[in-house]
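Trainee: Take a look at the following structure, please.
The values are calculated or read from the model by the stated rules, or taken from the named source; none is laboratory data. Since the structure is predicted, the reported quantities are computational estimates derived from the model, not experimental observations. Glycine also receives a Cβ, built like all others from the backbone with ideal geometry; neighbour counts cover every protein chain displayed. These area figures cover heavy atoms from the full protein model, side chains too; ligands, DNA and RNA do not enter into them. Shrake-Rupley method; radii C 1.70, N 1.55, O 1.52, S 1.80 Å.
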Amino acid sequence: MSDTIFDKIIRRELPADIVYEDDDVLAFRDIHPQAPVHVLFVPKKSFATLNDCTEADAALLGKLLLAASAYAKREGFAEAGYRCVINCNRGGGQTVYHLHVHLMAGRQMPERMV
Ligand code: 5GP
């Protein structure tokens, strides 16, 4: 059994501010938000990084992004805009090794990524 912080949140062993759940995806607010809205969309199936996904996971990866856009539409900021980010491995700034999509909104994102 993998044992990152996010696995513990999925198993309800750690608290989180959960904003969305379905059979495959859990979404909860980031503990250190970088924007007024900062939600993490996490597959319940555990992949350490995006590199660990294969063709067989294409539908699940799609579900993660569609869950994020559906949340943005529901919350009313889809038209204003938002940013989705996946960090991969150390060079990509990943710190929690359970694949996740950051959804950030509520402020103007810089045109350049950094
Ligand atoms: P990464 O750097 O791996 O792309 O993103 C990990 C994110 O998880 C960071 O933005 C960090 O603030 C968030 N995070 C780390 N630990 C926790 C936690 O225990 N609860 C929640 N809700 N977010 C966390």
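Trainee: Tell me yes or no: at least one residue of region 63-83 is within 12 Å of the chain's Cα centre (by Cα) and either β-branched (V, I, T) or part of a strand (DSSP E or B) (or both).
Mentor: yes
Trainee: Quick check: is even one residue across region 99-107 surrounded by 12 or more Cβ atoms within 10 Å (Cβ to Cβ), in contact (Cβ under 8 Å) with a residue 60 or more places away in the chain and of a type in the set (G, A, S)?
Mentor: yes
Trainee: Give me the pairs, please: first residue somewhere in region 1-28 and free of Cβ contacts under 8 Å to residues at least 12 places away in the same chain, second residue anywhere and part of a helix (DSSP H, G or I) and open to solvent by 40 Å² or more (accessible area, probe 1.4 Å), beta-carbon distance under 6 Å, and either six or more positions apart or on two chains.
Mentor: Close Cβ pairs satisfying both conditions: L14/K8.
Trainee: Sticking with this one: Show the residue pairs meeting these rules: Cβ distance below 9 Å; 6+ apart or different chains; first residue within region 43-67 and closer than 19 Å to Y82 by Cβ; second residue modelled with pLDDT of 95 or more and assigned to a helix (DSSP H, G or I).
Mentor: L61/L50
Trainee: Another one. Scan region 12-53 for residues that are open to solvent by less than 80 Å² (accessible area, probe 1.4 Å), more than 9 Å from the ligand (Cβ to nearest atom) and assigned to a loop (DSSP other than H, G, I, E, B) and jot them down.
Mentor: D22, D24, A35, K44, S46, F47, A48, T49, C53
Trainee: Go through region 69-95 and report how many residues are more than 14 Å from the ligand (Cβ to nearest atom) and of a type outside the set (K, R).
Mentor: Restricting attention to region 69-95, the residues satisfying the condition of being more than 14 Å from the ligand (Cβ to nearest atom) are 69-82.
Within this subset, residues satisfying the condition of being of a type outside the set (K, R) are 69-72, 75-82.
Counting residues in region 69-95 that are more than 14 Å from the ligand (Cβ to nearest atom) and of a type outside the set (K, R) gives 12.
Trainee: In addition: Could you tell me whether any residue of region 38-61 is closer than 21 Å to G92 by Cβ and at pLDDT below 95?
Mentor: Looking through region 38-61, at least one residue is closer than 21 Å to G92 by Cβ and at pLDDT below 95.
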